[in-house]
Amino acid sequence: MSIFFEGADQMAPRQLYQAATIVKGMAGQGIEFGRVVFLNGDSFYLASPVDGLFTGVAILRSVTAGQQLQVMTIGVLESPDWSTCTDNMLLQSGKSYYLRQDGKLSIIPDSDGYVVRVGRASSQTVLTVTFDLKVA
């Protein structure tokens, strides 16, 4: 199934291929596509594995504080460019992705704080979002 968003000029093209859970709320700070966020009060903020708080993955291209944000808590997310949330444009197929201390995604989990597994890449452009949490 394809999902189209209002305000397409702010959105990156995405397709969701299976059931997904998406929540909406206001951004409490600037947040880019693919970044892991947590809900604090009425607003979303960037997550860090240090505190172990997370709600989901931002699915908008880029928003500033006070703008509406859509967050995927579970599902399949496709993007041709993952550079806003990883160190590369493409994902490494078959690899799990973890939340790093700097808030980006990596195939190498941090050794301090909580280990937050965000999901697994099924191809270079598709991430299956399923959160797992453990203490490092």
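The values are calculated or read from the model by the stated rules, or taken from the named source; none is laboratory data. Everything quoted here is computed from the prediction, not taken from an experiment. All Cβ positions, glycine included, derive from the backbone under ideal geometry; neighbour counts span all protein chains shown.
Okay, residues lined up against (1) of a type in the set (A, V, I, L, M); (2) on the phi > 0 side of the Ramachandran plot; (3) modelled with pLDDT of 95 or more:
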position: 71; (1), (2), (3): yes, no, no
position: 95; (1), (2), (3): no, no, yes
position: 99; (1), (2), (3): yes, no, no
position: 109; (1), (2), (3): no, no, no
position: 116; (1), (2), (3): yes, no, no
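Could you tell me whether residue 130 is over 14 Å from residue 49 (Cα atoms), of a type in the set (Ser, Thr, Tyr) and in a strand (DSSP E or B)? Full working, then the answer.
Values: over 14 Å from residue 49 (Cα atoms): yes; of a type in the set (Ser, Thr, Tyr): yes; in a strand (DSSP E or B): yes.
Considered against the rule, which asks whether it is over 14 Å from residue 49 (Cα atoms), of a type in the set (Ser, Thr, Tyr) and in a strand (DSSP E or B), residue 130 comes out as yes.
Can you name the residue in the range 63-78 that is touching a Gly at 6+ places or on another chain (Cβ under 7 Å) and not β-branched (Val, Ile, Thr) and is also surrounded by the fewest Cβ atoms within 10 Å (Cβ to Cβ) among such residues?
Among them, the one singled out is 65.
Can you tell me which residue in the range 36-51 is surrounded by the most Cβ atoms within 10 Å (Cβ to Cβ), limited to those that are of a type outside the set (Val, Ile, Thr) and outside any loop (DSSP other than H, G, I, E, B)? Steps first, answer last, please.
Start the filter on the range 36-51 by keeping residues that are of a type outside the set (Val, Ile, Thr), which leaves 38-49, 51.
Filter again for outside any loop (DSSP other than H, G, I, E, B), leaving 38-40, 43-46.
Numbers: 38: 18, 39: 19, 40: 11, 43: 16, 44: 28, 45: 17, 46: 20.
Result: 44.
Report, by residue number, each residue of the range 25-35 that is part of a loop (DSSP other than H, G, I, E, B), of a type in the set (Gly, Ala, Ser) and farther than 24 Å from residue 91 by Cα. Steps first, please.
Step one: list which residues in the range 25-35 are part of a loop (DSSP other than H, G, I, E, B), which gives 28-30, 33-35.
Then keep just the ones that are of a type in the set (Gly, Ala, Ser); that gives 28, 30, 34.
Result: 28, single match.
From the list 33, 54, pick out the single residue that is surrounded by 20 or more Cβ atoms within 10 Å (Cβ to Cβ), modelled with pLDDT under 95 and over 18 Å from residue 133 (Cβ atoms).
Numbers: 54 fails: over 18 Å from residue 133 (Cβ atoms).
Answer to the selection: 33.
Taking residue 28, is it at pLDDT 75 or above, surrounded by 15 or more Cβ atoms within 10 Å (Cβ to Cβ) and farther than 15 Å from residue 104 by Cα? First the steps, then the outcome.
Details: at pLDDT 75 or above: yes; surrounded by 15 or more Cβ atoms within 10 Å (Cβ to Cβ): yes; farther than 15 Å from residue 104 by Cα: yes.
So residue 28 passes the test.
In the range 77-97, is there at least one residue being free of Cβ contacts under 8 Å to residues at least 12 places away in the same chain and within 17 Å of residue 31 (Cβ to Cβ)?
Step one: list which residues in the range 77-97 are free of Cβ contacts under 8 Å to residues at least 12 places away in the same chain, which gives 83, 88-89.
Retained after the next criterion (residues that are within 17 Å of residue 31 (Cβ to Cβ)): 83.
Within the range 77-97 (the criterion being free of Cβ contacts under 8 Å to residues at least 12 places away in the same chain and within 17 Å of residue 31 (Cβ to Cβ)), the answer is yes, since at least one residue qualifies.
With respect to residue 96, determine if the residue is among the small types (Gly, Ala, Ser) and more than 15 Å from the chain's Cα centre (by Cα).
On the way: among the small types (Gly, Ala, Ser): yes; more than 15 Å from the chain's Cα centre (by Cα): no.
Answer is no for this residue.
Can you find a residue in the range 68-83 that is farther than 25 Å from residue 124 by Cα and out of contact with any helix residue (DSSP H, G or I) (no Cβ under 8 Å at 6 or more places or on another chain)?
Within the range 68-83, the first condition is being farther than 25 Å from residue 124 by Cα, and the residues that meet it are 68.
Remaining after also requiring out of contact with any helix residue (DSSP H, G or I) (no Cβ under 8 Å at 6 or more places or on another chain): 68.
The answer is yes, given that some residue of the range 68-83 is farther than 25 Å from residue 124 by Cα and out of contact with any helix residue (DSSP H, G or I) (no Cβ under 8 Å at 6 or more places or on another chain).
Can you tell me which residue among 124, 92 is in contact with a strand residue (DSSP E or B) (Cβ under 8 Å, 6 or more places away or on another chain), in a loop (DSSP other than H, G, I, E, B) and surrounded by fewer than 16 Cβ atoms within 10 Å (Cβ to Cβ)? Give the steps one after another, and end with the answer.
Numbers: 124 fails: in contact with a strand residue (DSSP E or B) (Cβ under 8 Å, 6 or more places away or on another chain).
Going through 124, 92 in turn, the sole match is 92.
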